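Q: Dumping the structure here so I can ask a few things about it.
The values are calculated or read from the model by the stated rules, or taken from the named source; none is laboratory data. Just so we're clear, the structure is a prediction, and the values are computed from it rather than from any experiment. Glycine gets a Cβ as well: all are built from the backbone with ideal geometry, and neighbour counts include every protein chain shown. Please note that ligands, DNA and RNA were not included when accessible areas were found on the heavy atoms of the full protein model with its side chains. Shrake-Rupley method; radii C 1.70, N 1.55, O 1.52, S 1.80 Å.
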Amino acid sequence: NAGVTQTPKFRILKIGQSMTLQCTQDMNHNYMYWYRQDPGMGLKLIYYSVGAGITDKGEVPNGYNVSRSTTEDFPLRLELAAPSQTSVYFCASRNRDRRNRYQPQHFGDGTRLSIL
Amino acid sequence: AQTVTQSQPEMSVQEAETVTLSCTYDTSENNYYLFWYKQPPSRQMILVIRQEAYKQQNATENRFSVNFQKAAKSFSLKISDSQLGDTAMYFCAFMKQGANNLFFGTGTRLTIIP
């Protein structure tokens with residue numbers, strides 16, 4: 001099982017460029033998440049999805065867009081890259097609760113993005 | 001909004017010793033979950049242990065255990081018989097039951113000294 005796969009692992013962008021961070025999971029999880037981790041900080045939620053066709057904003061959504069056309073994929077798009085978006089980005093997924101017990105999130109290995 | 005505070009930016013301990021990492025949180029919710037995540041240099045986030053707020057019994061996972069004090073809003077992690085592979089950043093996290101937003105603390109960098 002590959003789990004949660006993120007590509008690319010590293011990327012350098014120029015200010016104003018756009019790019020898409022890819023995330024795919026093979027566990028048939030309903031829920032998927034995008035986080036960013038700034039240096040010396042914990043993760044902050046950007047967007048999440050509870051199923052195909054459904055997305056919602058997290059704590060820090062400005063400057064990002066997402067889509068969820070399939071259960072497996074949850075790409076994150078930066079339209080106009082800014083230096084403040086330099087961060088490590090993590091994708092995560094989890095199954096729906098079972099017997100009212102929360103199912104924990106599984107994380108990808110992260111994408112390190114630098115905006116220069 | 002919920003806040004999670006980890007007051008120890010860095011800690012170090014000799015191999016085989018026991019270490020306790022502190023975490024406090026602020027919430028008005030009654031039903032929630034608490035987590036400890038480990039982030040080694042490989043960067044991957046690994047769930048170490050979790051606690052449901054409605055459970056009075058402290059969670060344990062092998063060498064890892066927690067001291068959950070709901071009234072004090074405290075959730076510390078104890079690592080017994082520490083190993084070199086325990087060297088990592090440790091993050092405490094909070095989530096309201098039924099919600100989707102995990103709130104993380106700023107982390108504690110733990111170094112196990114041979």
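Q: Here is a check on your reading of the model: is A:ARG112 at the interface with chain B (Cβ under 9 Å from one of its Cβ atoms), open to solvent by 80 Å² or more (accessible area, probe 1.4 Å) and assigned to a strand (DSSP E or B)?
A: Yes, satisfied.
Q: Criterion first (among the polar types (S, T, N, Q), out of contact with any Ser or Thr (no Cβ under 6 Å at 6 or more places or on another chain) and either without any contact (Cβ under 8 Å) to a residue 40 or more places away in the chain or open to solvent by 70 Å² or more (accessible area, probe 1.4 Å) (or both)) does B:GLN69 satisfy it?
A: The answer is yes for B:GLN69.
Q: Next question, about the same structure. Looking at B:ARG63, B:ARG50, B:ARG43, B:ARG109, which one is in contact (Cβ under 8 Å) with a residue 60 or more places away in the chain and among the basic types (Lys, Arg)?
A: Among B:ARG63, B:ARG50, B:ARG43, B:ARG109, only B:ARG109 is in contact (Cβ under 8 Å) with a residue 60 or more places away in the chain and among the basic types (Lys, Arg).
Q: The conditions are (1) farther than 27 Å from A:ARG112 by Cα; (2) among the aromatic types (Phe, Trp, Tyr); (3) surrounded by 15 or more Cβ atoms within 10 Å (Cβ to Cβ), and B:TRP36 fails exactly one of them. Which is it?
A: For B:TRP36, the exception is condition (1).
Q: Give A:LYS57, A:LYS14, A:LYS9 a once-over and let me know the one that is within 11 Å of chain B (Cβ to nearest Cβ), over 19 Å from A:GLY108 (Cβ atoms) and either in contact with a strand residue (DSSP E or B) (Cβ under 9 Å, 6 or more places away or on another chain) or surrounded by 14 or more Cβ atoms within 10 Å (Cβ to Cβ) (or both).
A: Values: A:LYS14 fails: within 11 Å of chain B (Cβ to nearest Cβ); A:LYS9 fails: over 19 Å from A:GLY108 (Cβ atoms).
On inspection, the qualifying residue turns out to be A:LYS57.
Q: Among the numbered criteria (1) away from every other protein chain (no Cβ under 14 Å); (2) more than 13 Å from the chain's Cα centre (by Cα), which single criterion is violated by B:PRO41?
A: Condition not satisfied by B:PRO41: (1).
Q: Filtering the range B:4-33 down to residues that are over 21 Å from B:ASN101 (Cβ atoms) and open to solvent by less than 20 Å² (accessible area, probe 1.4 Å), which residue is nearest to the other protein chains (Cβ to nearest Cβ)? Step through it out loud before you land on a result.
A: Going through the range B:4-33, the residues over 21 Å from B:ASN101 (Cβ atoms) turn out to be B:7-22.
Then drop every residue that is not open to solvent by less than 20 Å² (accessible area, probe 1.4 Å), which leaves B:13, B:19, B:21.
Details: B:VAL13: 21, B:VAL19: 20, B:LEU21: 14 Å.
Among those that are over 21 Å from B:ASN101 (Cβ atoms) and open to solvent by less than 20 Å² (accessible area, probe 1.4 Å), it is B:LEU21.
Q: Considering every residue within the range B:73-84, establish whether at least one is among the β-branched types (Val, Ile, Thr), crowded, with 17+ Cβ neighbours inside 10 Å and away from every other protein chain (no Cβ under 14 Å).
A: yes
Q: Quick check on the range A:43-67: of everything there that is out of contact with any Gly (no Cβ under 6 Å at 6 or more places or on another chain) and in contact (Cβ under 8 Å) with a residue 24 or more places away in the chain, which residue is farthest from A:ARG112 (Cα to Cα)?
A: A:SER49
Q: Looking at (1) at negative phi; (2) more than 14 Å from chain B (Cβ to nearest Cβ), can you tell me which one A:ARG36 breaks?
A: Of everything listed in (1) at negative phi; (2) more than 14 Å from chain B (Cβ to nearest Cβ), A:ARG36 misses just condition (2).
Q: In the range B:51-72, what count of residues is obtained for those that are assigned to a strand (DSSP E or B), within 14 Å of another protein chain (Cβ to nearest Cβ) and within 30 Å of B:PRO114 (Cβ to Cβ)?
A: Of the residues in the range B:51-72, 1 are assigned to a strand (DSSP E or B), within 14 Å of another protein chain (Cβ to nearest Cβ) and within 30 Å of B:PRO114 (Cβ to Cβ).
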